[in-house]
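To start, the structure itself, in structure tokens.
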Amino acid sequence: LLEIFFNSLSVVFPKGEAFFIDCLRPWQQRAGKKLGGEIREFIRQEALHGREHIALNRGIAAGGYDVSALEAVVDEVIDSARAKHAIARLTYTMCFEHLTAILSSSILKNEKVMEQAAPEMQRIWFWHAVEEIEHKGVCFDTWMLATEEWSSLRRYWTRCVSLALISASFVKNRIRGQMNLLRQDGWNARKSL
């Protein structure tokens, strides 16, 4: 079941990482030397993550899974976000990166989570987790720059509400993705009860 979770998560990453890059890139010039350099490194890492997950997703598809329905959900979420203004897109990115950092921290603190996984899978997920934690603050720092004229209260409530909504969407879509892959394996909820 854990493998199915990680496979459904991997499907999200290539398009998600590209979206995050697109959201941060416009702020790089305005960010100054330190944050601008961190944004540049964030973009480099996210591009590598996307490339590695494209390869992993090819393996998932080669294993007999049709991930087109999962990819359609990703497209729908990203298309909806792209229609928003730049700070809203940056808010989505900050929240998703925060969730990814939480998940990454959990993976690294509980290595037993991955002990049943193949060594290649362990390597990619541990590597990705380390890098997510390395750059977890870049999106937040960029968002703080982008919202520097907002009041503290507006910033606080925007972060709270956005993270709650995005967390709910993330959980819902990961469950949907897992259920889709499990059905392809012949799993039936009624038979399991």
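The values are calculated or read from the model by the stated rules, or taken from the named source; none is laboratory data. Here the structure is a predicted model, which is why all the values come from computation and not from measurement. When we count neighbours, we look across all protein chains shown, and the Cβ atoms used for this are built from the backbone with ideal geometry, even at glycine. We work out accessible area using only protein heavy atoms, side chains counted, and drop any ligands, DNA or RNA first. Shrake-Rupley method; radii C 1.70, N 1.55, O 1.52, S 1.80 Å.
Need pairs with beta-carbon distance below 9 Å; first residue closer than 19 Å to residue 176 by Cβ and within the range 72-99, second among the polar types (S, T, N, Q) and buried (at least 20 other Cβ atoms within 10 Å of the Cβ); sequence gap 6+ or separate chains.
Short answer, once both residue conditions are applied: 81/93.
Inside the range 100-126, can you point out the residues that are among the aromatic types (Phe, Trp, Tyr) and in contact (Cβ under 8 Å) with a residue 24 or more places away in the chain? Outline the logic, then answer.
Initial filter on the range 100-126 (among the aromatic types (Phe, Trp, Tyr)): 125-126.
125, the sole residue that qualifies.
Please name all residue pairs, on different chains or six or more residues apart, with Cβ atoms under 6 Å, provided the first residue is in the range 145-172 and is in contact (Cβ under 8 Å) with a residue 40 or more places away in the chain and the second residue is part of a helix (DSSP H, G or I).
146/87; 146/90; 147/155; 162/91; 162/95; 163/95; 166/95; 170/99
What are the pairs, 6+ residues apart or on separate chains, where a residue within the range 34-50 that is open to solvent by 20 Å² or more (accessible area, probe 1.4 Å) has its Cβ under 9 Å from a residue that is hydroxyl-bearing (Ser, Thr, Tyr)?
Cβ pairs passing all conditions: 35/142; 38/142.
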